[in-house]
Structures are given as structure tokens and as C-alpha cells.
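These notes are about the structure you will find just below.
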Amino acid sequence: MFVLDINTPDIKKIIEQEHIITHFQPILSVRKRSVIGFEALSRGIDPNTKTIIPPNILFEYAAKQQLTLELDRLCRKLALANFKLVQQKVKNSLLFLNFDTTIIDKGVVGSGNLLNMVRCFNVDPQRIVIEIKESEANNLKELDKFINNYKNYGFIIALDDIGSGHSNLNRISLVKPDLLKLDAFLIRNINKEFHKQEVFKSLVNLAKKIGALVVAEGIEGEDESICALELGADMLQGYYFDKPSVNILCTNNDYKDKIRLLANKFKNHMIIKTKTDKMRRMEYRRIASNILAHMDSIDTKDINAKLSEIISNYPIMDCIYILNEQGVQISNTVCNDSKLFKRRVSIFRPAAQGTDHSFKKYYYLLKDSGSDYFFTEPYISMASGNLCVTISTLFQVKDNNYILCADIITDFE
């Protein structure tokens, strides 16, 4: 039995007296230049001290006092009541409601409590987003039943905290969400971290394949906003736009200036990036052309020595190697020793002479496209550990076709 002490919030009393306040945080679309909706975030008020109780502590003690269901329903009730006022200011906005999925394990599926509550406040179910924290429910059969029921009622389903430490991506196939909310941990400093960007891009690509939209949570700065937009986020949420507030008196006009400014900066960023990428590719082509000028003969006896001499003249080059027309490597992978990372896992090493590259894009797309050059997207080289792009180009020596491949170190942006 859980015993209250003087420092423990009395959840039963909080529920009876409805000592809950609802904060709202806007969720915006830069592309649509508008506020899409608001997430309702509940805080408790201690009946004795009148201090604010953060939601994690509030629900932690509710669970200990076996009052999770009652507290969750009260939070949703007050969020819906306050949302009616928000809708008067921001027409057609969505309400993002957190749903404590641990209560599904208590056998409440089928009660229709949330549906009845929404109807009671005369809110269109199509304006309600139910945020599911997929890691919390153990009874997956009941979770599936709940989700299908509320989808049929017209509710929007979001999968929350994607990319957090406890996220189980296999639940995506169960929930079949309309929205993926990517966790703030993944967003933090994403403009500086290549691995986070690649995870983000993968999740965006997944969302597009399954017909879902992406919300990037925890946006705290302009650089994070621009990076998230570039990587494909549909909506943004975070302190950069507004902190959660108990009194939402704003309209779309209150956010228009910030959205317009961000949209212009994003547009300028993409223009500069496009120009920079174009100039960089021109430089890569120039390097490849200069190298080909030295490839007047292919002699297996001295080809590696020739590549070593070439790479020594190009500090930005990571590795260089030659393929035959069938995509088989006929040289060693000659690396720039000064650029190799000291720590490399033993299973990662430069490709050896005789390696078949015919399944690599820089081989088959170069041959099939009819282009003179092919450029890969940036990737971390398994040969060196550096962030690289590979450029490949066809050349001939004595009527035989070969492919030059050069891995070039690129700056992370």
C-alpha cells in the first residue's frame, strides 16, 4: 500500500478539486505559413502548497496511487474545455492530446470515454490528434483495437517520441500512424550531427512510404528549424516558436512574422546550398579530369604506384581505385594515410583488388545513365571513417573501358 507523506502530491485531492492547468504549445507548418494545431500539456497544482507539479511527477505519483486512469481522463476533459477557447482564436486548428496508453492494460478499451467527451464539448473528432506513446502499452491486441476504433470515429493517430531511447520502431506497423512525432533528443543539435540527420532522413522516408506526416519536436533554434525543414519535416514544434502557455490568446497573425522570417531564411539557405553543391561538383569534376590526364596506360605492375603518386597531390582525396568494365576492382584501394582515423573496427577495411563493385550505384548508375560522371550522396567511409562522396567516371585506355573511382572528403554542413 502506498502511503502519502508530507511531500507527496495528493493525487486524489487534485482530481477531486480539478487542480489541473492546461498549457498549449503551437505546432506550425512553415510551408503552409500557418499554425496547424496545439499540443495540450497538463500540469498539476498542489492543493496545499499551490506549487506547479510537472507532468512526469504528476503521473508518476498517480500510478503509485493507482489513479492513472482518473487523472488521464481529467487532463483530457480540461484540455478539451480549454481548446474551445483556442479554436475561437485559431480556426480549424488541431488539438494534440497525449494518451497514457498504460490505461489500455486496465481494460478500458470499448468504454468510449474519449469519444463521448469530445462529443460533449462539440469538437469534431477529425480535429483531435491522439498521441500514442507506443512504449507504454503491454497489451498490443487491446492497443490495436483502441487505435482502429478511434480511427473509424475520425480521430487522427500520432506515434509520439520516435527516436527516443525507448522507442520501438516495430510498433509503427501496429499503430499505422497518420503522424510521426520525432523526439526532441533526435532534433537537438541536428544541424551539427551527421548521424542524427541520417536517422531523421530515414524516418522521413519511412513516413512518406506509409502515408504519414512528420512533426519535429523540441525545436529550440533557427538552425535546427532550417535543418529539419531541409530533411523533410512537415511540421515544427518547440520553444523556438513558443513555450507552452496556459493562456493562448494568439491568432495565426501572432506567428506569421516568425514563420515568414523562417521561410525566407530557409529559402535563402537552399539557394546558397544549391549553388555551393554545384560549385563543389564542378571542382570534383576538375579533379577527376586532371587525374584522367595521367591515366594514359593501365599496367597492373605500376597502377598502384601511379595512384599513390596522384593521391599525394590531392589532400581532400580519401581513397582512389580503378574498376574494369565489369565493375571488378583491378587496383588496390589507395588511401590518403594522413586522413585515416586511428580507430577503425576490424571488419571495416578498404576494398581489395578483385572486389566486385557491380552492385554499387557509382558503377551501375554511371554505366546506365550515359553520363560522364556520377556523384554519391555523402556517407561515412568504411575504409577510413571520413565523411565522403564518391565520384566515378568512365575512361578508355587502348580501346578498353575503365572506371575511375575517387572518394573525396566533404565538409559536414
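The values are calculated or read from the model by the stated rules, or taken from the named source; none is laboratory data. Since we're looking at a predicted model, the values are computed, not measured. Methodologically, a virtual Cβ is constructed for each residue, glycine included, from the backbone with ideal geometry; neighbour enumeration extends over all protein chains shown.
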Within region 368-392, residues part of a strand (DSSP E or B) and either more than 17 Å from LYS278 (Cα to Cα) or acidic (Asp, Glu) (or both) come out as TYR379, ILE380, LEU387
Check on SER331, farther than 22 Å from PRO378 by Cα, in the same structural domain as SER371 (by TED's automatic domain parsing), modelled with pLDDT under 95 and not in a helix (DSSP H, G or I): yes
Test: residue in region 199-208 that is closer than 21 Å to GLN25 by Cβ, assigned to a loop (DSSP other than H, G, I, E, B) and modelled with pLDDT of 95 or more: no
The residue that is surrounded by the most Cβ atoms within 10 Å (Cβ to Cβ), considering only those in region 358-413 that are of a type in the set (A, V, I, L, M, F, W, C), closer than 17 Å to LEU292 by Cα and out of contact with any helix residue (DSSP H, G or I) (no Cβ under 8 Å at 6 or more places or on another chain), is LEU366
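Are any residues in region 42-77 in contact with a strand residue (DSSP E or B) (Cβ under 7 Å, 6 or more places away or on another chain) and basic (Lys, Arg), and if so, which ones?
To start, the set of residues in region 42-77 that are in contact with a strand residue (DSSP E or B) (Cβ under 7 Å, 6 or more places away or on another chain) comprises 42-46, 52-55, 58, 74-76.
ARG43, ARG76, listed by residue number.
Within region 187-221, how many residues turn out to be of a type in the set (D, E, K, R) and farther than 26 Å from LYS176 by Cβ? Full working, then the answer.
Of all residues in region 187-221, those of a type in the set (D, E, K, R) come to 188, 192-193, 196, 198, 201, 208-209, 217, 220.
Then drop every residue that is not farther than 26 Å from LYS176 by Cβ, which leaves 188, 192-193, 220.
Qualifying residue count, region 187-221: 4.
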Within region 17-46, residues more than 17 Å from LYS89 (Cα to Cα) and assigned to a loop (DSSP other than H, G, I, E, B) come out as GLN17, GLU18, HIS19, VAL30, ARG31, LYS32, ASP46
Checked ASN139, ASN170, ASN149, ASN191 against criteria (loosely packed, with under 15 Cβ neighbours inside 10 Å, in the same structural domain as ASN82 (by TED's automatic domain parsing) and of a type in the set (S, T, N, Q)); the one match is ASN170
Taking region 79-128 and the residues there that are assigned to a loop (DSSP other than H, G, I, E, B) and within 29 Å of the chain's Cα centre (by Cα), the one that is nearest to SER42 (Cα to Cα) would be ASP100
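Yes/no per residue for (1) over 28 Å from ASP161 (Cα atoms); (2) out of contact with any strand residue (DSSP E or B) (no Cβ under 6 Å at 6 or more places or on another chain); (3) in the same structural domain as HIS23 (by TED's automatic domain parsing); (4) at pLDDT below 95:
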| position | (1), (2), (3), (4) |
| --- | --- |
| ILE226 | no, yes, yes, no |
| PRO244 | no, no, yes, yes |
| ALA263 | no, yes, no, no |
| LYS275 | yes, yes, no, no |
